[in-house]
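The block underneath contains the structure these notes are about, expressed in structure tokens.
The values are calculated or read from the model by the stated rules, or taken from the named source; none is laboratory data. For clarity, every value in this text was computed on a predicted model and none was experimentally measured. Cβ atoms come from the backbone with ideal geometry, glycine included; neighbour counts cover every protein chain shown.
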Amino acid sequence: MNTIHILHADGISAAGNTPHDAAKTFYDAVQPFRVPSHFNYKDLKLGVINGLTPEQGQSRAFALIQQLCSRLPALPPNTRLYLATTVGAIDILEQAAADEKPDCTGLLLQEAKRLTHCQDAILVAAACASGQTATSMAMRALSLKHCKYALVIGIDITSEFVTGGFASLRAYSKTIAHPYDANRDGLLLGEGAGALLLSQDDDSQSLGELISAFESCDASHITAPDLTGETLAALINRTLDDAQLTPNDIGCIIGHGTGTVFNDASEIAALNRVFATPRPLISIKGNTGHTLGATGVLQIVYALQFMKYGQLPPQAGLTTPAEGAEGFVSTKPQPLQSNLVLSLNVGFGGLNSTILLQSK
């Protein structure tokens with residue numbers, strides 16, 4: 001795959017309303033989780049964005065995407081939009097009458113098209129791997145000259161519907177998120193939105209480069225990952241081979257790291273299959289919560305910040321590294337070992353996504 005330039009990168013999450021603000025949260029290992037005021041599900045904590053106040057009757061997702069899009073640069077003509085989300089404007093469904101069936105993802109796509117003026121738009125719903133899947137789709141389209149510019153937006157909100165779903169699966173933490181920790185007991189959900197403007201030909205304002213991306217599927221279980229890590233490990237190796245790199249070339253890894261027992265075990269197993277020498281590892285979900293379809297885009301946005309600082313932040317919520325993660329994660333900042341970052345996403349259905357990026 002040809003190199004793709006990142007011309008704009010922005011993100012909003014519980015960690016901060018800008019990437020710069022979020023960086024302080026990451027490096028201070030702050031976990032800004034709280035019980036939300038817009039709904040209450042058994043006093044469970046979430047990563048809620050400060051100051052997000054939709055108008056009466058407006059979807060929280062609409063307010064969030066409006067805030068994100070207000071900060072976009074002028075988009076070149078015929079920019080293609082890739083919108084990644086798992087549930088879209090799900091609060092519209094929560095407020096709807098019993099006989100109404102609103103298209104929550106379709107309504108969010110319409111709003112995204114209105115705000116960006118991008119009529120060439122694609123909706124990507126690939127569970128929790130949606131953000132990176134949309135990004136890799138945009139990379140392929142640019143490489144094949146199907147478009148000259150691509151805008152990738154990943155977005156999801158916190159809602160009673162989704163919180164109840166993860167709680168029913170017994171995947172929700174009773175305490176706080178502890179990615180890659182021996183005593184982890186589940187995830188905390190968060191909300192967020194991220195945006196990437198990409199081009200293959202235009203490098204005039206390049207912040208960094210995406211150099212390889214692939215997807216695969218474990219095909220093992222509808223919700224549980226392959227605990228051997230074999231499929232994810234094979235995907236990582238394929239991504240490295242495509243970029244003509246070795247595991248030792250990677251400077252750090254931004255993992256999926258939900259803090260659930262099975263996800264982290266599977267990911268740790270995969271990393272140990274690939275990396276004979278551990279590389280610095282972090283999951284941003286210790287600071288943001290699991291932002292679902294926004295996660296993959298936010299990982300790339302925040303990775304660019306980490307590369308500016310030249311070090312990976314400490315893993316928030318970490319006390320005792322899980323077995324096999326001892327050489328990867330740390331309670332202290334870790335120096336980046338090169339300007340190459342491997343970003344991982346996984347999702348229900350056994351979906352796996354990998355992206356390699358590098359700083360300028």
Meets criteria (of a type outside the set (A, V, I, L, M), without any contact (Cβ under 8 Å) to a residue 12 or more places away in the chain and more than 30 Å from Cys147 (Cβ to Cβ)) for Lys24
yes
Please go through region 11-52 and pick out each residue that is touching a Leu at 6+ places or on another chain (Cβ under 9 Å), surrounded by fewer than 18 Cβ atoms within 10 Å (Cβ to Cβ) and outside any loop (DSSP other than H, G, I, E, B).
Arg34
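Take the residues in region 70-88 that are of a type outside the set (Val, Ile, Thr) and within 18 Å of the chain's Cα centre (by Cα); name whichever of them is farthest from Phe348 (Cα to Cα).
Leu81
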Can you tell which of Leu72, Leu83 is surrounded by fewer than 18 Cβ atoms within 10 Å (Cβ to Cβ) and modelled with pLDDT of 95 or more?
Leu72
Quick check on my filter: what residues within region 14-29 are over 25 Å from Ile211 (Cβ atoms) and among the small types (Gly, Ala, Ser)?
Ala14, Ala15, Gly16, Ala29
Of all residues in region 151-181 being out of contact with any helix residue (DSSP H, G or I) (no Cβ under 9 Å at 6 or more places or on another chain) and assigned to a loop (DSSP other than H, G, I, E, B), the one that is modelled with the lowest pLDDT
Leu169
Please tell me if Ile250 is surrounded by fewer than 24 Cβ atoms within 10 Å (Cβ to Cβ), modelled with pLDDT of 95 or more and within 24 Å of Ala134 (Cβ to Cβ).
yes
Selection within region 317-360 - small (Gly, Ala, Ser), farther than 18 Å from Ser266 by Cα and surrounded by 24 or more Cβ atoms within 10 Å (Cβ to Cβ):
Gly317
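Which residues, counting only those in region 107-150, are part of a strand (DSSP E or B), of a type in the set (Gly, Ala, Ser) and surrounded by 19 or more Cβ atoms within 10 Å (Cβ to Cβ)? If you could, list the steps in order and put the result at the bottom.
Within region 107-150, the first condition is being part of a strand (DSSP E or B), and the residues that meet it are 121-124, 126, 128, 149-150.
Applying the additional criterion that residues be of a type in the set (Gly, Ala, Ser) yields 121, 126, 150.
Passing the criteria: Ala126, Ala150.
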Go through region 292-317 and give me each residue that's over 18 Å from Lys24 (Cβ atoms) and not polar (S, T, N, Q).
Leu292, Gly293, Ala294, Gly296, Val297, Ile300
Quick check on region 94-106. Is at least one of its residues touching a helix residue (DSSP H, G or I) at 6+ places or on another chain (Cβ under 6 Å), closer than 29 Å to Ser136 by Cα and outside any loop (DSSP other than H, G, I, E, B)?
yes
Pairs with Cβ under 8 Å, 6+ apart, first in region 122-148 and in contact (Cβ under 8 Å) with a residue 24 or more places away in the chain, second among the aromatic types (Phe, Trp, Tyr) and not in a strand (DSSP E or B):
Ala127/Phe348; Cys128/Phe348
